[in-house]
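One structure below.
The values are calculated or read from the model by the stated rules, or taken from the named source; none is laboratory data. Just so it is clear, the structure is predicted and the values come from calculations on it, not from any experiment. Neighbour counts are summed over all protein chains in view; Cβ atoms, including those assigned to glycine, are modelled from backbone coordinates with ideal geometry. The area values use the complete protein model at the heavy-atom level, side chains included, leaving out ligands, DNA and RNA. Shrake-Rupley method; radii C 1.70, N 1.55, O 1.52, S 1.80 Å.
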Amino acid sequence: MQALSRPFPGSGSYLVRTRPSSNRVGPNRIIVKCAYGFESPAFPLGVGSNRADWQSSCAILASKVTQEQSPTQKHDGSADHVAAVNGHKAAVTELVPIGNLGSSDNNKPLPPKPLTISDLAPAPMHGSQLRVAYQGVPGAYSEAAAGKAYPNCEAIPCDQFEVAFQAVELWISDRAVLPVENSLGGSIHRNYDLLLRHRLHIVGEVQLPVHHCLLALPGVRKEFLTRVISHPQALAQCENTLTKMGLKVAREAVDDTAGAAEFVATNNLRDTAAIASARAAELYGMQVLADGIQDDPSNVTRFVMLAREPIIPRTDRPFKTSIVFAHDKGMSVLFKVLSAFAFRNISLTKIESRPHRNRPIRLVDDANVGTAKHFEYMFYVDFEASMAEVRAQNALAEVQEFTSFLRVLGSYPMDMTPWSPSSCLRED
Ligand SMILES: O=C(O)C(=O)C[C@]1(C(=O)O)C=C[C@@H](O)C=C1
């Protein structure tokens, strides 16, 4: 069976690709419709060639825009401008909504809906469903997070985090939902770096209980396994359990959990298991060998929602603000910065430091003992206050005095989803 797909404007030729035949077309099958008006069903073992074409088109569009825009023009938010660059704004893809996400059974209830779109940011310009870019393939936790953040959205799979950023910048998508930290695995550093490099705004957060399964092809037994593949975060979150299970398997990192399941299925690998969601098992026809293999039952990943425009901060519900800063004068400044929040009773919920890529090392010369080489950092801080509050404005005014660089990444409603142990047991 063949899937016809056509590259996006600017790349010039048609592609004809062969895709594996399969009758496993699940209820959440994705249809990728090209802007030119013909459509091709994306096969259930992943969106395959269509997705790949869409993603490479994103990259093509991104590089075009980078070439043709000056840095100051790049984030002007003008739809017309983007249309002028790629000759084709929005309506690039049409995807079946993820709708009853996490279930092939349409009667199963959706996960709780703590935030609504109207809470967060203006409606999409094109008047249709909100398009939300995420990294991974259908069945990835990020897709579930997109559905939790924006129920009934069109979830748009991207092969890299950076492509999801670009999809929003280029108006292909209205929002991106990207993981920033996990309760077991820690920070997803790549996204911290990308937040700084791109000009998108954090407009919300969503916390998703992550329940991992060990998946293999039907009929495969644990004893046959020599390899387990998954996203590095998922491997880290299950490390102790894998050891306790006595599996003698090599661990191998791939781009996302559901992509790992898709890879095992499409390549018919009988010696390889994937760590992924139960929904990925359904989508790619895999067997669940073990359920709930994360090292802690209350495993949670925090995602941020990104948009081209910030939302207007409010004070009628709990808000969080995320900032990033750098300073010139060594670590003593860090204490002063943090005390600006402490004096105003503003709680910090997260501090992260990343290498200061423009100026990674500071040399301190002492004629007697030589040259000390200090590493320089960018500091990311989340604090529990809205930028609409005077105390937050004053704290930032003070922070600005001590820092050489300060940017507010966003001021947005906190995810206040009620916590219950059962919500951690299963999110599929
Ligand atoms: O691979 C996926 O399914 C993802 O959505 C990515 C990701 C991550 O980057 O942390 C998201 C949630 C889990 O923590 C594991 C992996």
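General remarks:
- Taking amide H as placed 1.01 Å from N in the peptide plane, the amide H of Gly410 sits under 5 Å from that of Ile202, Ser322, each at least 5 places away or on another chain.
- Cβ crowding within 10 Å averaged over residues, with 150-156, 297-303 ranked highest first: 150-156, 297-303
- Other-chain or far-sequence residues with amide H under 5 Å of Ser404's (modelled H): Ala326, His327, Asp328
- For the peptides 310-322, 198-210, the ranking by packing is 198-210, 310-322, with the highest mean count of neighbouring Cβ atoms within 10 Å listed first.
- Surface/4 of the Cα convex hull for the range 304-417, nm²: 8.5 nm²
- Normalised per residue, the accessible area of the range 227-384 is 47 Å², obtained with a 1.4 Å probe and no contribution from ligands, DNA or RNA.
- Under a 5 Å amide H cut-off, with hydrogens placed 1.01 Å from N, Glu205 pairs with Met305, Asp415 among residues at least 5 apart or on other chains.
- Here the 3J(HN,Hα) profile of the range 343-350, calculated from phi with Karplus coefficients 6.51, -1.76 and 1.60 at θ = phi - 60°, is 4, 9, 6, 9, 7, 8, 9, 6 Hz, Gly and Pro shown as x.
- √(5λ) per eigenvalue of the Cα gyration tensor, the range 213-293, largest first, Å: 16, 14, 11
- Rounded to whole numbers, the Karplus 3J(HN,Hα) couplings from phi for the range 161-167 are 4, 4, 5, 5, 4, 5, 4 Hz, using 6.51 cos²θ - 1.76 cosθ + 1.60 with θ = phi - 60°, and x at Gly and Pro.
- Loop sites in the range 205-290: trypsin sites (Lys or Arg not before Pro), DSSP, at most 16 other Cβ within 10 Å: Arg221, Lys248, Arg270
- Counting 0.36 nm for each residue step from Ser128 to Val288 and taking away their Cα separation leaves a gain of 53.9 nm.
- Carbon and sulfur %, accessible surface of the range 275-361 computed with the full protein complex present, 1.4 Å: 55 percent
- For the range 241-251, putting each phi into the Karplus relation 6.51 cos²θ - 1.76 cosθ + 1.60 with θ = phi - 60° gives couplings of 5, 4, 5, 4, 6, x, 6, 9, 10, 7, 9 Hz, in residue order, rounded to whole numbers and with x for Gly and Pro.
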